1. Sorted from shortest, what are the nm distances separating the label point of residue C:187 from equivalent points in the other copies, each placed 7 Å from Cα along Cα to C-beta?
2. In deg cm²/dmol, rounded to 500, what helix-only [θ] at 222 nm does chain A give when every DSSP H run of at least 4 residues adds -39500 (n - 2.57) and the total is split over its residues?
3. Put the label 7 Å from Cα along Cα→Cβ for residue C:203; what are its distances to the other copies, in nanometres, shortest first?
4. Specify, for chain D, the residue whose C-beta is closest to the rotation axis mapping it onto chain B, with the distance given in whole Å.
5. How would you classify the stretch C:16-65 from its alpha-carbon gyration tensor, with a ≥ b ≥ c the square roots of the eigenvalues: rounded for a/c under 1.5, else prolate if a/b is greater than b/c, otherwise oblate?
6. Calculate the dipole size of the stretch D:71-220 relative to its Cα centre from +1 charges on Lys and Arg beta carbons and -1 charges on Asp and Glu beta carbons; express the result in debye to the nearest 20.
7. Which whole-Hz couplings ³J(HN,Hα) result when phi for each residue of the stretch C:173-179 is put into the Karplus expression 6.51 cos²θ - 1.76 cosθ + 1.60, θ = phi - 60°, listed in order with x for Gly and Pro?
8. Order these by the 10 Å Cβ neighbour count, fewest first: A:120, C:95.
Protein chains: 4
Amino acid sequence: MATNTEKKSAGHKEQERYDKGVETQERLLEAADELFITRGFDGVSVNDVAQHAGVAKALVFYYFKSKQELFDAVLDRYYQSQAQALMDAMGNGARDTRERIHAGIDAYLDFIEKNPGYSRLIQREICSSSRNLNKIMQYMAPLYQWGQSVFGGLLRADGPLSAKHFFMTIFGMAINYYTYAPVLGPLWGVDPMGKKALAERREHVHAMLETLLDAYLQEYR
Amino acid sequence: MATNTEKKSAGHKEQERYDKGVETQERLLEAADELFITRGFDGVSVNDVAQHAGVAKALVFYYFKSKQELFDAVLDRYYQSQAQALMDAMGNGARDTRERIHAGIDAYLDFIEKNPGYSRLIQREICSSSRNLNKIMQYMAPLYQWGQSVFGGLLRADGPLSAKHFFMTIFGMAINYYTYAPVLGPLWGVDPMGKKALAERREHVHAMLETLLDAYLQEYR
Amino acid sequence: MATNTEKKSAGHKEQERYDKGVETQERLLEAADELFITRGFDGVSVNDVAQHAGVAKALVFYYFKSKQELFDAVLDRYYQSQAQALMDAMGNGARDTRERIHAGIDAYLDFIEKNPGYSRLIQREICSSSRNLNKIMQYMAPLYQWGQSVFGGLLRADGPLSAKHFFMTIFGMAINYYTYAPVLGPLWGVDPMGKKALAERREHVHAMLETLLDAYLQEYR
Amino acid sequence: MATNTEKKSAGHKEQERYDKGVETQERLLEAADELFITRGFDGVSVNDVAQHAGVAKALVFYYFKSKQELFDAVLDRYYQSQAQALMDAMGNGARDTRERIHAGIDAYLDFIEKNPGYSRLIQREICSSSRNLNKIMQYMAPLYQWGQSVFGGLLRADGPLSAKHFFMTIFGMAINYYTYAPVLGPLWGVDPMGKKALAERREHVHAMLETLLDAYLQEYR
DNA sequence: GATGAATGAGCGTTCATTCAT
DNA sequence: AATGAATGAACGCTCATTCAT
C-alpha cells in the first residue's frame, strides 16, 4: 500500500497530484472557516461550504467524514497553528511579574486582532453551552493556566479577590471589546477594528491593568 | 399592546376564546424562549416550539407569521417587559456619582442573574454579526446611555481614558463571568451560578470598580 | 384538545376531512406493499413509494416516522388482517386429526394464493437473516403452533421423525411451489399461478400428505 | 477462464504483476461473496466490498465494469466451480433408480451444507422475481433435469402426480429447512446448522423420501 | 382559535461511477 | 495493476410554510 517502489523520483507531475488533494482540503477548510465564523454551525450548510470552495458537495465528505468533523477541523487548525504561538509569546522572557502580565495581555490582544473571527466563533459556541464544550475547554485551558501562573502566587485561591476572579475580570475586559465590535461601529461612529482604534483600546487596557496591579500587587512592583 | 382593548364585551363565549388565544400565544412565547436560548435560532425548529408548547404547529404561524418574527417577539418581550425595569433601577435615586455607578452595576447584575438565558441569547447574536444587528443595538443603547450619563461628564470623550472605553471595560468585566459560566464550572470545580459564587463575583466586581473609581474619579468622591 | 364540543354533528364535509388522511395513509401502504414485495426493503426508495402513491415524499414521514416503520406497517397489516383469519380457519372444527391437518393445509394454501406477495416478502427477509427477524418469528409462530397442535401429540419430540421435522417438511412442500412460481413458468411452459395449475398443485400436496400420514399416523386414521 | 494463458513468459516482474492481479480479483470476489450473501445486492455498497477486500474502490470497476457485473460474477463463480460438481455427484454411478435418487439428494444436501450462503442468495433473488431471472434459471435447470431424469420415466408428465410436482415437493422438502434455519434456531432452541442437527435432518429427508417412493415407485424397487 | 394534511426545498450523507496519473 | 480525487444523482429525513376546514 505505502510501498511506493521506484516511482521515478516524482518530478513535478507527481507533485501536482499530491498537492491537488491537500490544496482542495485546504480550500474547503478556508471556506468553512469564513462561513462558520459569520453564521455559526447551524447557520451553514455543507452545500454552502462546497459552493464557497468551488467543489462538489460530496467532496466535503471525502475529506471530512461529517459536518461536525469539518467544524472541529476548523477549530483545531486555529488552536494548533496559532494558540500555541500565543502561549509561546506569553510565556517567554524572564521579566518580573508586572512585565510578564503586560506582555501576556499584549500577546493575547495580538492573537485576537489577528483572528477576530476565531474569538467570536468560540464566544458563540460558549453561549450554546454543552455542544462542543470540550473544544472550548481546550481553548480556555492554556489561557487559564497562564492566569494561574501569574496571579496564582500573588493572590489567595478563594474569595472575591482571588486569582481566578482577577483572571476572569482581565479576560473579560480584554476580549469583550472585540466581541462587541460590530455593535460599537454604529454606536460610536468609528470603525472599532481600525488601526487607530485598536491601538487606543490596547492603551486603555494596559492603563486599567496598571491601576489594578498598583492596587493589588503593590509589593511586586 | 397588552392594553386589552375591550372588544365589544361580546358575552362570555367571546371572552373565553379571546383569553384562550392570549394564553396560547403566551405559551408559545414561553416555549420559544426556552428553546431559542439554549439552542439558538438555527438550532430550533418551529415543530420543536409547537410541541414544547403543546399546540399544533400551524398555530405558530397564526400568531407569528414566520419563525423569524417569533424569534423577534421573544427578544422584544424581554426588551419591553424587563430591560425597561432594569433601566429604571439604574436611573432612579439622586445619589452621588459613585453610588449611582454601584447601584447601576447592581441593577445590571440583578438583571443578568435573573435572565441568564437572555444574556447568552444576545451575546450569541452579537457573534453572528449583521443578522439582527438592530435588535442588538436596541439592547445596547440604554446601557450605553447609562454609561454616558455617569461617565460622560467626568471623562473626556476620546482617547484611551475616555468614557466609552471605561464603559466597555466595566461592561465586559461584569458580563463575561456569566457568559463563560458553562466553562467555569468544569474549570473551577464549583457551580459558578450558585448563590454563594454569584455573591462572591458581585463583591469582586464592586471591588474592582471601587479601585478604578478611586484612580480616575478621585475628585468626585 | 380532544374536547370537540358541539361540532354540528359532522355532516359530509367533516367526514371528508377525516377520510382524507386515512385514505392517503392507505394509499401509501398500498404503494409500499406493491413495491416492497417486488423489490425488497433496500430496493425501494421512499421517493418511489411517494411517487407510486401520487403524493409528496415528505408525506411518507408525516404518516410513518421512518422508512423502516413503513415497512413494518406493511408487514403488520398483512399479519393482523389476514394471518389471523388463516389461523381461525386452521383451528376451527372438531374433526379428527387427519381432517384437521388437511383443513389446515387448505387454509394455508388459501392464504398463500390470496397473498403470494406476502409469502415472498417474508421468504426474502428470512434469507437476509438478522434484520426483521422478530417480525418473521411473529409470522412463523402461529404456523409452528398449529404444527405442534396436530403433530405434537402423535410423534416424539426429538429425532429424525419428530413433529418439528414433520412440520418443516410439510411446510416446505407447501410453500416452495409458490416461492418458485416465477421460475416454474418458463421451465414448465405453463402459468403456475393459473387457476388450473393451482388446483392441481393443491391436489398433489394433499396426496403427498395422505401418503405420509398413512405411513406415520396409521393408528389415528 | 482460469487457464492462465502464458502471456509471453515476460520475466518475473510481469509474472508477479499478473499473479497479483488475479489474486486481487479473487480477493474482491471473495469479499463480494461474503457481503452479498448476508446483505443482498442492494444492501452492499461497492465501497463495502473494496474495503472488505482491502483494495481501492476504483479497482472494483477495473476488474468488473459495474456493481451488477460483480454480482453476476459471484453467482457465476458458484455456478461454474461448484454447481457442476454437484451435478456430477448426482449423476454418476449406474445404480438403480432408488439408489440414484437417494444419492442425488445426498449430493444436493452436501452442496447446500457446504454453501449455505449461496442457497440463500438464490432464494432471495427468486423472491425478487424478474431481476436476474435467467441467472436463477441457470441454477434451476440442472436440478430440474436431474429430476426429470429420475422421475420422468416413471411418472406421467401431467396431473397432480406428475414428475414435475414430485420434483418440486422433494426439492422444497430438502431446501426449506436450510432457508428457514435462522428462524428455527430461536424457535426450536437448538442450532439447526450444527453437525448433529444436520445429520438428523438428512435422515428425516431420506425417511420421507423412502415413504414416498414406496408409495409411488413400488414397481421399481 | 385551532388543527391535520400537504408540500417543495433543503438538510447531511452515501451512492456508483469516471478519470488522470 | 492500482489509486486518490472528483462528481451528479440519489438517499432517508426535516424544514418552514400554506391551506381547507
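1. 2.2, 7.4, 8.3
2. Mean residue ellipticity, 222 nm, calculated: -23000 deg cm²/dmol.
3. Distances between equivalent label points, in nm: 3.8, 10.3, 11.2.
4. For chain D, the closest residue to the axis carrying it onto B is D:45, 15.
5. Prolate shape, in that a/c is at least 1.5 and a/b is the bigger ratio.
6. 380
7. Per residue, the Karplus-derived 3J(HN,Hα) values read 4, 6, 7, 5, 4, 6, 4 Hz.
8. Ascending number of Cβ neighbours within 10 Å: C:95, A:120.
Values in this text are rule-based calculations from the coordinates and carry no lab data. Model, not experiment: these values are computed from the prediction. Reconstructed Cβ throughout: ideal geometry from the backbone, glycine too, with neighbour counts over all protein chains shown.
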